[in-house]
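The structure under discussion appears below in the form of structure tokens.
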Amino acid sequence: MSETTSKSEAAPISGLVAMIHVADVARSAEFYRLLGFDIGNRVPAEGTMQWAWLYGPKAPDWKRGPNLMLSRTARAIDAGAQDVLFYLYAADLEALRGQLLKAGIHAGAVSYPDYLPQGEFRIQDPDGYTLMIAQSTADTP
């Protein structure tokens, strides 16, 4: 708690959900479904999705996160200009990588950097956003 916030004051921010622009909301939602996300809300309710709120793995509502919003963009996606990288954690890194490969997703080799000796690998979503997936531990989500 910061020095400027007392216990009786409410925090000014109660949550954070990333929203990314994508070319095709339904296609991106299907990709993220392979990682355990489900559509929690969408606009419009019927027809071609323009926006979707994805609830994270084992998160039946937005309050339990992780969450991600997808919004259809009218401009071309430039994968090389994406300044965001998503870092996710998996209970069984090797099993998840195997499932992704079986689904036709190019998953990089598992590397074991000094900062994460349990391993991590890289994938890209349909719009070129980079996702690093790491083995979860007692010290991570």
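The values are calculated or read from the model by the stated rules, or taken from the named source; none is laboratory data. All values reported here derive from a predicted model rather than from experimental measurement. Here the Cβ positions follow ideal geometry from the backbone for every residue, glycine too, while neighbour counts run over all protein chains shown.
For the reader, a short list of remarks on this structure follows.
- Matching residues in segment 97-129 - criterion: being part of a strand (DSSP E or B) and either more than 16 Å from LEU34 (Cβ to Cβ) or among the basic types (Lys, Arg) (or both): SER111, GLU120, ARG122
- Residue count for segment 92-125 satisfying the condition of being surrounded by fewer than 17 Cβ atoms within 10 Å (Cβ to Cβ) and within 15 Å of the chain's Cα centre (by Cα): 2.
- Pair list, Cβ < 6 Å and 6+ apart or interchain, from segment 96-108 residues that are assigned by TED's automatic domain parsing to the domain that holds ASP127 to residues that are part of a loop (DSSP other than H, G, I, E, B): ARG97/ALA107; LEU100/ALA107; LEU101/ALA107; ALA103/LEU34
- Within segment 20-39, the set of residues being in contact with a helix residue (DSSP H, G or I) (Cβ under 7 Å, 6 or more places away or on another chain) and surrounded by fewer than 17 Cβ atoms within 10 Å (Cβ to Cβ) comprises just one member, LEU34.
- Of the residues making up segment 27-50, those that are under 21 Å from GLN124 (Cα atoms) and part of a strand (DSSP E or B) number 2.
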